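Input: a single structure, listed below in structure tokens.
The values are calculated or read from the model by the stated rules, or taken from the named source; none is laboratory data. Here the structure is a predicted model, which is why all the values come from computation and not from measurement. Every residue, glycine among them, receives a Cβ derived from its backbone with ideal geometry; neighbour counts consider all protein chains shown. Ligands, DNA and RNA are stripped out before the accessible areas are found, and what is left, the full protein with its side chains, is counted by its heavy atoms. Shrake-Rupley method; radii C 1.70, N 1.55, O 1.52, S 1.80 Å.
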Amino acid sequence: MGTVHARSLEPLPSSGPDFGGLGEEAEFVEVEPEAKQEILENKDVVVQHVHFDGLGRTKDDIIICEIGDVFKAKNLIEVMRKSHEAREKLLRLGIFRQVDVLIDTCQGDDALPNGLDVTFEVTELRRLTGSYNTMVGNNEGSMVLGLKLPNLLGRAEKVTFQFSYGTKETSYGLSFFKPRPGNFERNFSVNLYKVTGQFPWSSLRETDRGMSAEYSFPIWKTSHTVKWEGVWRELGCLSRTASFAVRKESGHSLKSSLSHAMVIDSRNSSILPRRGALLKVNQELAGYTGGDVSFIKEDFELQLNKQLIFDSFYLGGPTSVRGFSMHSIGPQSEGDYLGGEAYWAGGLHLYTPLPFRPGQGGFGELFRTHFFLNAGNLCNLNYGEGPKAHIRKLAECIRWSYGAGIVLRLGNIARLELNYCVPMGVQTGDRICDGVQFGAGIRFL
């Protein structure tokens, strides 16, 4: 499946200005594999025709945009490479279940001596597909059911319905996605959704009902997304013992915001990267396009960062500052953690193979020994004090921890950690996890 095939070039003439004269003695000459490859690389060829077998509802224009570079190939090696690249682009559209490529000599009255035909044998996805899977998040799990209408109008449009039921969050959503023909990175999408989440560390329950429209596009080595979002948010208490500070936040609100995100990601892996970096800058402006919530939010992420919850930052747990309980650093009221307006966090890690290399070359390659040093701080700011006072406050009472453990990579999606943690710099009100701590997630500090 997905193999690029090239038939024998024997039907081509054995002499001529494009392929050189081999003569009758050519069949008695033994050519080394390297020499054969050199000959193929240096001979000029022309891709005369590109055929598609198996197309049904897919429109021609979007296909032409993806395979145009095949006609620019000048030799057989380039034809194979550009055909493989075109196959990857076709699969990326999400409208084909299988794409095979066949390269053959050109036949017919118009065939050139050095002409080639490229045939793409495709199998389109069904008009309606379904899926069922489980997902691992940051110390939580969920069951996900989905329905998808791929290639709805024949140009890689997609309508998706998804329902997710998890230990802390339940959601469902309907989305429409349309890429720009010939430039998949430029795409437009519209989403309708409802999300209900529980945050026991703050005795809080949140229900969001909203819609959004976003446009994504690349500029040089960066990816950009411009988004409008309207959300009706309902905050409530999980228990009768919730603090007054949490009760005060309860109720309904309407947020209408514009946001812009820029991402530069050169990591070789999002779970256990060995090289590269991640830079993400996000700005959100709410209150100027309607609604009763107004704020300006800047989120700067270098490598990995902690997610936001109702416009506040949280810190602590096996996926951020290890040795502390989940989201249990910083301001709190009667045992409910309220988050903060500013934070910083960093980590130093050393990964090594398991001692004595058990399972080397197989299952053992999924495991790594892990040594770490984490540090961070979270607080609220007095905006009348100025930037120097803010930096001074973030530099006070730093929480940090160190330890060692074992990491298990789950494909290229998530990872599990089992660490022995020693928390340091603990402040009054912080909840620690001194000793063994287990973490499962997709984003780690």
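Quick check on segment 303-321: of everything there that is within 20 Å of W400 (Cβ to Cβ) and at pLDDT below 80, which residue is most open to solvent (accessible area, probe 1.4 Å)? Spell out the reasoning first.
Residues of segment 303-321 that are within 20 Å of W400 (Cβ to Cβ), as a first pass: 303-306, 313-321.
Within this subset, residues satisfying the condition of being at pLDDT below 80 are 303-306.
Working: Q303: 60, L304: 33, N305: 29, K306: 17 Å².
Here the residue is Q303.
Restricting to segment 67-78, and then to whatever is open to solvent by less than 20 Å² (accessible area, probe 1.4 Å) and without any contact (Cβ under 8 Å) to a residue 60 or more places away in the chain, can you tell me which residue is nearest to K43 (Cα to Cα)? Reasoning before the result, please.
As a first pass, look at segment 67-78 and keep what is open to solvent by less than 20 Å² (accessible area, probe 1.4 Å): 67, 70, 73, 76.
Adding the requirement that they be without any contact (Cβ under 8 Å) to a residue 60 or more places away in the chain leaves 67, 70, 73.
Numbers: I67: 22, V70: 16, A73: 11 Å.
Looking at the filtered set, the residue picked out is A73.
Any idea how many residues of segment 228-270 are of a type in the set (F, W, Y) and closer than 25 Å to S333 by Cβ? Don't jump to the end; show me each part of the working.
Here is the first cut: in segment 228-270, the ones of a type in the set (F, W, Y) are 228, 232, 244.
From what's left, closer than 25 Å to S333 by Cβ: 244.
Residues that pass the stated criteria total 1.
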Inset, instruction - Within segment 105-120, identify whether any single residue is on the phi < 0 side of the Ramachandran plot, without any contact (Cβ under 8 Å) to a residue 60 or more places away in the chain and charged (D, E, K, R), and answer yes or no. - result: yes
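May I ask you to verify whether G16 is modelled with pLDDT under 50, open to solvent by less than 80 Å² (accessible area, probe 1.4 Å), at positive phi and within 42 Å of the chain's Cα centre (by Cα)?
So G16 does not fit the description; no.
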Inset, instruction - Just one of (1) within 30 Å of S239 (Cα to Cα); (2) free of Cβ contacts under 8 Å to residues at least 24 places away in the same chain trips up N380, so point out which. - result: (2)
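Suppose the filter is acidic (D, E) and part of a strand (DSSP E or B); does D100 pass it?
Details: acidic (D, E): yes; part of a strand (DSSP E or B): yes.
It is true that D100 is acidic (D, E) and part of a strand (DSSP E or B).
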Legend entry - Given (1) open to solvent by less than 30 Å² (accessible area, probe 1.4 Å); (2) in contact with a Phe, Trp or Tyr (Cβ under 9 Å, 6 or more places away or on another chain); (3) more than 22 Å from E185 (Cα to Cα), index of the condition S83 fails: (3)
Legend entry - Test result for I95, more than 21 Å from the chain's Cα centre (by Cα) and outside the structural domain of N412 (by the TED database): no
Inset, instruction - Mind counting the residues in segment 381-422 that are touching a strand residue (DSSP E or B) at 6+ places or on another chain (Cβ under 6 Å) and exposed (fewer than 13 other Cβ atoms within 10 Å of the Cβ)? - result: 0
Inset, instruction - Scan segment 214-234 residue by residue and report those that are touching a Lys or Arg at 6+ places or on another chain (Cβ under 7 Å) and hydrophobic (A, V, I, L, M, F, W, C). - result: F217, V231, W232
Inset, instruction - Look at segment 325-377 and say how many of its residues are assigned to a loop (DSSP other than H, G, I, E, B) and either open to solvent by less than 20 Å² (accessible area, probe 1.4 Å) or touching a residue at least 40 places away in the same chain (Cβ under 8 Å) (or both). - result: 13
Legend entry - Residues (surrounded by 16 or more Cβ atoms within 10 Å (Cβ to Cβ), out of contact with any helix residue (DSSP H, G or I) (no Cβ under 9 Å at 6 or more places or on another chain) and among the hydrophobic types (A, V, I, L, M, F, W, C)) located in segment 212-248: V231
